[in-house]
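The values are calculated or read from the model by the stated rules, or taken from the named source; none is laboratory data. Because the structure is predicted, anything quoted here is derived from the model rather than measured. Every residue, glycine among them, receives a Cβ derived from its backbone with ideal geometry; neighbour counts consider all protein chains shown.
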Amino acid sequence: MEYQPDPKRIAGEGGQISHVTSGSIAAQLGLQPGDRVLAVNNLHLRDVIDYRFALAEEQISVRVRRQDGTDLLLDIAKDIDDDLGIDFVEPLFDRLRTCNNKCPFCFLTQMPKGMRKTLYLKDDDYRLSFLYGNFVTLTNLDEADWQRIEAQRLSPMYISIHATDRALRAVLLGKRDVPDVIADMRRLANAGIQMHTQVVACPGVNDTPDALHRTITDLASLYPHVESISIVPVGLTKFRFTGKAPRTIRANIEVHETPDWIDSNWERQPLWNQQTPSEDWGFCSRLGVATDVPLRCYTPEEAARMIDLLQPYTERFEREMGYGFLYPSDEFYLLCGRTLPHAAFYDDYPQYSNGVGMTREFLDGWADAVPRLPQRIERHTSVALVCGTLIAPTMQQVVDRLNQIEGLTVRLLPVVNQFFGETVTVSGLLTGQDVVAVLREGGCQRALLPRVMFDHQGQYTLDEYTPQRIAEETHTQVAVIDDAEGLLQYVSQLTRSTVKTRRRGSHRSRHAA
């Protein structure tokens, strides 16, 4: 899951310290969590990036505001590579850059009311792209932002493209005045910035052979500065549909202009129906027809065709560049039941956090873990393995092998997403309430939950359930598993736990005798 900032903790008055490392320079100076670092060498800090750049000096002057409101000026002599030993509550210290687009597939507008406010925050901040790999559109940058990216060499950047044709990209961003993304990326390339790109593919919109060909070839022309392209299928919740008919692109754009969203914290844009095109907006002449296309999910047959359509490009790039460069997301393969490519296909997994290669890495990790599995567990234990419905056939292979361990019964519990609708099938969008409902019916002693269903810090699901809350409401021992190695460690721990329990019981029996 992408990093989600909390605007309540971005005060515009420096960076608030969350942790001070024991024995560090900051600890020796008496800095404490809650203090704010305002400036270094008279540079007012906008974010942790400024802080890191300013720290690359041997002599620094740091202005700190203590929790009682007093200011300190600390003169510090250190080695050029030394850190002060502090972490910050938020990486951004000034205002968050929010989104000025109205993407018809925006997930934030596909959620019901009443969830925590940060889930409705339409962030589009280039600094989070550099720091965490969040994808941004580059549509809200001013000249000062461009100059900063160039001066501080904020590389790599992760960019949402969707289409390089300017008219088509205008449709997919829900606005008429989109800049030329290829021109913007050339500027980044000239500054030495490396880029990873994504296309959210919408059936019948930007996934046609002609549209994809232009997008792929335009991006490939910027190699080696553009290092990868991922193609991911659009995700739609039940809140995107009216009755049984899928809503059009235009209807989904206009969701952003309803009372619930028009005054939200995004960078304001003119209403779709109140714009008067100027002379330089001739590229938007096709918007009216294009926005009448239904927005819908992929069928298994369409997912298979997408894989076949992209394969020749990948083969060409392997010949010309020495690696694949273009990667369909795992969802396409899982949706149509195709065998996932081997690990070599994903090269060094440049788009891993975007769901490209995660399943292959898990399967390879599992193959490595299998020979180290225990043969038996002393005390019989039942475990529920929770996942989304899309990955369930793959996870069944794992469950079948685990059930070969004597004394262990593992049951796969694919969770149908009642909260967002059955069209949402990935584990990363499971909610706590849906998991709780399934676990209550499952009757297992223990449950393994996928790490991806929790936030960046691993604490909360989308509906604010913690692992502890899920455990309490289901009377189940809950563990969160991140990968195959974590699953192996969990099973191995069961073996050690039962041995320890048996030994303690034997000791008590001898003592009683």
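A few comments on the model shown:
- Among the conditions (1) within 25 Å of His456 (Cα to Cα); (2) at pLDDT 95 or above; (3) surrounded by fewer than 20 Cβ atoms within 10 Å (Cβ to Cβ); (4) among the polar types (S, T, N, Q), the only one that Ser61 does not satisfy is (1).
- Out of Ile10, Ile86, one residue alone is at pLDDT 95 or above and within 18 Å of Leu131 (Cα to Cα). It is Ile86.
- Every listed requirement among (1) aliphatic (A, V, I, L, M); (2) farther than 23 Å from Pro156 by Cα; (3) surrounded by fewer than 16 Cβ atoms within 10 Å (Cβ to Cβ) is met by Ala369 save one, (3).
- For the stretch 150-161, the tally of residues that are closer than 15 Å to Ile49 by Cα and either within 22 Å of the chain's Cα centre (by Cα) or modelled with pLDDT under 95 (or both) stands at 4.
- Only one of Leu309, Leu385, Leu363 that is closer than 30 Å to Ala211 by Cα, in contact (Cβ under 8 Å) with a residue 12 or more places away in the chain and surrounded by 15 or more Cβ atoms within 10 Å (Cβ to Cβ): Leu309
- Every condition in (1) without any contact (Cβ under 8 Å) to a residue 40 or more places away in the chain; (2) surrounded by 21 or more Cβ atoms within 10 Å (Cβ to Cβ); (3) within 27 Å of Arg240 (Cα to Cα) holds for Gly357 except the one numbered (3).
- Among the residues of the stretch 4-51, the one identified as of a type in the set (Ser, Thr, Tyr), surrounded by 15 or more Cβ atoms within 10 Å (Cβ to Cβ) and within 26 Å of the chain's Cα centre (by Cα) is Tyr51.
- Listed by position, the helices (runs of 4 or more DSSP H) enclosed by the stretch 133-239 that each have at least 1 residues that are under 24 Å from Glu302 (Cα atoms) are 166-173, 209-220.
- Condition met for Gln198 (in the same structural domain as Ser129 (by TED's automatic domain parsing), in contact with a strand residue (DSSP E or B) (Cβ under 6 Å, 6 or more places away or on another chain) and surrounded by fewer than 23 Cβ atoms within 10 Å (Cβ to Cβ)): yes
- Against the list (1) surrounded by 15 or more Cβ atoms within 10 Å (Cβ to Cβ); (2) in the same structural domain as Gln147 (by TED's automatic domain parsing); (3) part of a loop (DSSP other than H, G, I, E, B), the condition Arg127 fails is (3).
For (1) in contact (Cβ under 8 Å) with a residue 24 or more places away in the chain; (2) under 23 Å from the mean Cα position of the chain (by Cα); (3) more than 27 Å from Tyr327 (Cα to Cα), each residue gets a yes or a no:
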| position | (1), (2), (3) |
| --- | --- |
| Ala163 | yes, yes, no |
| Arg176 | yes, no, yes |
| Pro179 | yes, no, no |
| Ala220 | yes, no, no |
| Ile231 | yes, yes, no |
| Gly235 | yes, yes, no |
